[in-house]
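Okay, so here's the structure we're looking at.
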Amino acid sequence: MWGADVVLSGHDHTYERLLVDGIPFFVNGLGGRNFHSFSTPLAQSVVRYNSNYGAMLVDANTVNMTFKFVTISGVVIDTYSISSSAITPLAHTHMDQNANGHRANSDTNQNSDSHT
């Protein structure tokens with residue numbers, strides 16, 4: 001592809017993680033102001049959240065990078081890790097149904113493409 005291992009973006013007043021051609025895309029816009037509702041999910045959408053403000057926490061070293069979305073109340077909504085030696089990234093999501101009825105996976109996956 002074009003050399004990216006991960007894409008981080010902001011602007012929309014939601015949190016969403018997508019997996020596009022094997023590359024995780026994070027859209028984080030829950031740092032302030034108001035929440036936006038979701039439209040129809042894209043096929044690549046893995047996690048969607050818009051119930052509370054929060055921020056991304058990225059922990060990186062020479063071998064691993066871990067991305068977490070953490071709400072202002074300290075709840076970890078999404079965790080996604082990549083490793084320079086791993087072929088398949090590891091993902092874990094803790095979500096419950098939010099006020100708008102959106103829900104995401106609450107399983108620990110060895111393969112980030114598999115979710116319920």
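The values are calculated or read from the model by the stated rules, or taken from the named source; none is laboratory data. Every value quoted in this text rests on a predicted model; they were computed, and no experiment measured them. With ideal geometry, Cβ positions are generated from the backbone for all residues, glycine too; neighbour counts draw on all protein chains shown.
Exactly one residue out of Tyr49, Tyr53 is out of contact with any His (no Cβ under 9 Å at 6 or more places or on another chain), surrounded by 13 or more Cβ atoms within 10 Å (Cβ to Cβ) and not hydrophobic (A, V, I, L, M, F, W, C): that is Tyr53.
Being surrounded by fewer than 16 Cβ atoms within 10 Å (Cβ to Cβ), among the hydrophobic types (A, V, I, L, M, F, W, C), within 14 Å of the chain's Cα centre (by Cα) and at pLDDT 90 or above is not true of Ala43.
Would you confirm whether or not the range 73-80 contains a residue that is of a type in the set (Asp, Glu) and surrounded by 16 or more Cβ atoms within 10 Å (Cβ to Cβ)?
The answer is yes; a qualifying residue exists.
Taking each residue of the range 40-58 that is assigned to a loop (DSSP other than H, G, I, E, B) and looking for partners that are β-branched (Val, Ile, Thr) with beta-carbon atoms closer than 6 Å, six or more apart or interchain, yields Gln44/Val20; Asn50/Thr14; Asn52/Thr71; Tyr53/Ile72.
Of all residues in the range 2-25, those that are over 18 Å from Ser37 (Cβ atoms) and surrounded by 12 or more Cβ atoms within 10 Å (Cβ to Cβ) have Cβ atoms under 9 Å from Cβ atoms of residues that are charged (D, E, K, R) and modelled with pLDDT of 90 or more, 6 or more apart or on another chain, in Pro24/Arg17; Phe25/Glu16; Phe25/Arg17.
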